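**Q** I am attaching a structure below and will ask some questions about it afterwards.
The values are calculated or read from the model by the stated rules, or taken from the named source; none is laboratory data. Please read all numbers here as calculations on a predicted model, not as lab measurements. Glycine also receives a Cβ, built like all others from the backbone with ideal geometry; neighbour counts cover every protein chain displayed. When the accessible area is computed, the model is the full protein with side chains, heavy atoms only, and any ligands, DNA or RNA have been set aside. Shrake-Rupley method; radii C 1.70, N 1.55, O 1.52, S 1.80 Å.
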Amino acid sequence: MEIKFLELLEHAKKASENTYSPYSKFPVGACVLYQSGNIYVGTNVENSSYGLTLCAERNAISTAIAMGEKTKIVAIAIYSPTQKPCTPCGACRQWIQEFKESDDTKIISDDKNSELKIWTIDELLPHTFEL
Ligand code: THU
């Protein structure tokens with residue numbers, strides 16, 4: 001399936017503008033593409049009890065599940081207006097792996113310098129835990 005990286009990043013960037021991140025002031029937006037062609041966005045949502053923070057990637061994946069998505073993840077785009085591209089945290093990598101199409105599922109990240117980076121889930125989470 002053709003992956004329109006720039007379109008996904010545009011959606012991720014828009015989502016990052018809706019962030020709730022008053023504590024870290026580190027906005028993140030994510031846009032996840034499924035085999036169905038459906039896309040879902042998410043942004044980070046923080047809390048005064050810091051440990052309850054939800055990352056943008058897991059927010060997008062949760063929305064997909066809530067909306068009834070049954071296919072697998074082809075790609076996920078992440079945008080943060082930082083100096084270098086934001087990589088998904090360990091918890092988000094494990095979440096992506098749970099729903100990935102294959103080890104080749106793409107993770108795309110961009111920042112305010114447009115330093116676009118692309119990895120596979122296998123590169124970011126090798127020897128992953130699966131039941
Ligand atoms: N964050 C994400 O939303 N995704 C990531 O991949 C890394 C970190 C958020 C969590 C928190 O709100 C802020 O970025 C700083 O850690």
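**Q** Where residues in the stretch 1-32 are open to solvent by 60 Å² or more (accessible area, probe 1.4 Å) and aliphatic (A, V, I, L, M), which of them is farthest from GLN97 (Cα to Cα)?
**A** Residue satisfying both the conditions and the ranking: LEU6.
**Q** Further, regarding this structure: Please work out which residue is farthest from TYR79 (Cα to Cα), limiting yourself to the stretch 13-32 and to residues that are touching a helix residue (DSSP H, G or I) at 6+ places or on another chain (Cβ under 8 Å) and away from the ligand (no atom under 11 Å from the Cβ).
**A** Once the filter is applied, the top-ranked residue is VAL32.
**Q** (1) at pLDDT below 95; (2) within 14 Å of the ligand (Cβ to nearest atom): which one isn't true of LYS112, the others all being true?
**A** Unmet condition: (2).
**Q** Within the stretch 33-60, track down each residue that is open to solvent by less than 20 Å² (accessible area, probe 1.4 Å), of a type in the set (A, V, I, L, M) and within 12 Å of the ligand (Cβ to nearest atom).
**A** Of everything in the stretch 33-60, those that are open to solvent by less than 20 Å² (accessible area, probe 1.4 Å), of a type in the set (A, V, I, L, M) and within 12 Å of the ligand (Cβ to nearest atom) turn out to be ALA56, ALA60.
**Q** Read through the list (1) assigned to a helix (DSSP H, G or I); (2) acidic (Asp, Glu); (3) free of Cβ contacts under 8 Å to residues at least 24 places away in the same chain, then give the number of the only condition that GLU2 fails.
**A** Evaluating GLU2 over (1) assigned to a helix (DSSP H, G or I); (2) acidic (Asp, Glu); (3) free of Cβ contacts under 8 Å to residues at least 24 places away in the same chain leaves (1) as the failure.
**Q** In addition: Please identify the pairs in which a residue from the stretch 116-131 that is within 13 Å of TRP95 (Cβ to Cβ) has its Cβ atom under 7 Å from the Cβ atom of a residue that is assigned to a strand (DSSP E or B) and not small (Gly, Ala, Ser), counting only partners at least 6 apart or on another chain.
**A** Filtered contacts from the stretch 116-131: ILE121/LYS100; ILE121/ILE107; LEU124/ILE107.
**Q** Can you confirm whether PRO126 is of a type outside the set (Val, Ile, Thr), out of contact with any helix residue (DSSP H, G or I) (no Cβ under 6 Å at 6 or more places or on another chain) and surrounded by fewer than 17 Cβ atoms within 10 Å (Cβ to Cβ)?
**A** Criteria met by PRO126.
**Q** Could you look through the stretch 84-109, keep only residues that are open to solvent by less than 40 Å² (accessible area, probe 1.4 Å) and within 13 Å of the ligand (Cβ to nearest atom), and pick out the one that is nearest to PHE5 (Cα to Cα)?
**A** ILE108
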